[in-house]
1. Would you tally the residues in the range 115-128 being surrounded by 15 or more Cβ atoms within 10 Å (Cβ to Cβ) and of a type in the set (D, E, K, R)?
2. Restricting attention to the range 147-166, which residues are open to solvent by less than 50 Å² (accessible area, probe 1.4 Å) and in contact (Cβ under 8 Å) with a residue 12 or more places away in the chain?
3. Sort out which residues of the range 435-452 are surrounded by 15 or more Cβ atoms within 10 Å (Cβ to Cβ) and closer than 29 Å to E415 by Cβ, and write them in order of number.
4. (1) under 30 Å from I30 (Cα atoms); (2) without any contact (Cβ under 8 Å) to a residue 60 or more places away in the chain; (3) in contact with a helix residue (DSSP H, G or I) (Cβ under 8 Å, 6 or more places away or on another chain): which one isn't true of E102, the others all being true?
5. Of all the helices (runs of 4 or more DSSP H) wholly in the range 336-448, which have at least 3 residues that are at pLDDT 50 or above and not β-branched (V, I, T)?
6. Residue by residue through the range 8-25, note down the ones that are at pLDDT 90 or above, exposed (fewer than 15 other Cβ atoms within 10 Å of the Cβ) and not aliphatic (A, V, I, L, M).
7. Of the conditions (1) under 30 Å from R144 (Cα atoms); (2) within 60 Å of the chain's Cα centre (by Cα), E185 fails just one. Which one is it?
Amino acid sequence: MGPCCFSAQDQFDNLEKHTQWGIDVLEKYIKFVKERTEIEINYAKQLRNLSKKYQPKKNSKEEDEYKYSSCRAFLATLNEINDYAGQHEVISENMTSQITTELARYVQELKQERKSHFHDGRKAQQHIETCWKQLESSKRRFERDCKEADRAQQYFEKMDADINVTKADVEKARQQAQLRHQMAEESKAEYSSTLQKFNHEQHEHYHTHIPNIFQKIQEMEERRIVRLGESMKTFAEVDRQVIPIIGRCLDEITKAAESINQKNDSQMVIEAFKSGFEPPGDVDFEDFTQPIKRTISESSLSNSKDGKSESRFSSKSKGKLWPFIKKNKLMSLLTSPHQPPPPPPSSGSPSAVPNGPQSPKQQKEPLSHRFNEFMTSKPKIHCFRSLKRGGAGPEDFSNLPPEQRRKKLQQKVDELNKDIQKELDQRDALTKMKDVYIKNPQMGDAASVDHKLAELGQNLEKLRLEEQKFLGWLAEVEGRLPVRTEPARRQSGLYEPQNTLTVNNCAQDRESPDGSYTEEPSQESELKAPPPDFDDEFDDEEPLPTIGTCKALYTFEGQNEGTISVTEGETLYVIEEDKGDGWTRIRRNEDEEGYVPTSYVDVFLDKNVKGAKTYI
């Protein structure tokens, strides 16, 4: 085989390897885009799950939070994030349809085209090799015939020169030489023809067929490169197409953030938690240099008619009025849930246990008539503990501060009005249906509607009675709420000493350890004289008597207000036993007393001691 044939074969091998590499590059890019689409899908899914996770739950307290502008802005952000996720899904879909699917189809076509081109190349190569073999065969036959003719000619000349050879033998040798020369001439003519044919085929092969095949392969490779570049452009365009929409989503998030109104949110909080209580007046000055005569301030909470002091303040009662609890303890009592005391340590060697849950508070003994007067002008506040233990509040919401109670009653009235309107709409619809049945008996029996109408009438009557009841309570509350234009309201005749509202049980008018809160609606407007020992109880300057002793079983760190720290093995005095809430009040000395968990101490009550106070 000629050297040109081997050179062409080598080029085909190189081209075959290169075009296969090009197809591999395309398939690699397809895989890259496919993984990108999976990332976009997963990212969109995670964004949607994130948005769904923080969406407000239906019929839950979270829905109430979205009345604030900041929470509404957050909700708008969640919705926009959902739309933002949708755009990433669009990116994935467009890349799949415009790049992955199209390129996969193109790769299959490219493989078929490449296979066809190299098949044609191999066929042309085989054809030129066949022509070369034919030329070589013709050449060898011509060479063989020439040698045979030359030998025949030499043999004839030798026979012709030999005198011993007969004439017949010479003639035979001459004829044989002529035959060989004739065969050599025919082989020469055939070789010449085959050579011309091969030269023509070789020229066509290297100047026409092979260049055409190489050109087609080149064009195929260039189309592959162009297609890859177009796919990369599409890759960028798919992203660019959603940028405006993503930009609008981000603009909406910015707009929602700018719509936040901190003033309105603060005002809503004020309206939601406004109690309606009036602040008390100035505290009276007590001149301890003259024990009998107490100086009375003009702006105090005493009775303005009699000019007599209704309360006597002792050194022990200073700061006992519950509306003035330090650091808004009152609001924490009204809003914070009661938590049980911590359990004792389980290990054998006791150690200090941090006081994690809410701890009890010190007793806040009220100031006789000042507190009595304060309670008369608004729903009566009794023991904080009883509300928590009593479960649900009363129907008239009398356990709430005036303003909160008014809002709850107004809300209840609005709900009843909606229910009444709904019942009226149903009654009107049934009445019209009955009229249609009366005019057209074939459409239905009019008597069948009467039972439903009667039932609706009963429901309406019940709802109206319920509405009147709540309207009465609402009018009562609105009539008793403080009016800003009447500052002298506090000095009304309701606050005369003989008509002072009764405060039941000393424990009901103090702050209890567990922070509960209650109110007795039946005594809101009831006026009666105070018990004889009312002032004595609240003006008692003596500390609570001891009712026994206790020994600390474990170390307790009283970190919260109202608690006291004790050390294991320490002996202390008990001044108030556990009332079922898990706390016992103890005293170390005249200046140190507070609450500890009952499970942390071993109590030894002295039944002979009298005067111990028990609060229920």
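1. Step one: of the range 115-128, the residues surrounded by 15 or more Cβ atoms within 10 Å (Cβ to Cβ) are 117-118, 120-121, 124-125, 128.
With of a type in the set (D, E, K, R) added as a condition, the list becomes 120.
The total comes to 1.
2. Here is the first cut: in the range 147-166, the residues open to solvent by less than 50 Å² (accessible area, probe 1.4 Å) are 149, 152, 156, 159, 165.
Across the range 147-166, the qualifying residues are A149, A152, F156, M159.
3. The first filter runs over the range 435-452 and keeps only residues surrounded by 15 or more Cβ atoms within 10 Å (Cβ to Cβ), leaving 437, 446, 449.
Correct list: V449 only.
4. (2)
5. Values: elements: 368-376, 384-390, 402-439.
Passing ranges, in order: 402-439.
6. N14, K17, H18, Q20, W21, D24
7. Result: E185 passes all but (2).
The rows are residues; the columns are (1) surrounded by 12 or more Cβ atoms within 10 Å (Cβ to Cβ); (2) of a type in the set (D, E); (3) at pLDDT 90 or above.
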position: V170; (1), (2), (3): yes, no, no
position: Q176; (1), (2), (3): yes, no, no
position: L195; (1), (2), (3): yes, no, yes
position: N199; (1), (2), (3): yes, no, yes
position: F214; (1), (2), (3): yes, no, yes
position: E219; (1), (2), (3): yes, yes, yes
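The values are calculated or read from the model by the stated rules, or taken from the named source; none is laboratory data. On a predicted model such as this, the values are computed, not experimentally measured, just so you know. Note: ideal-geometry Cβ built from the backbone for every residue, glycine included; neighbour counts use all protein chains shown. Calculation scope for accessible area: heavy atoms of the full protein, side chains included, ligands and nucleic acids excluded. Shrake-Rupley method; radii C 1.70, N 1.55, O 1.52, S 1.80 Å.
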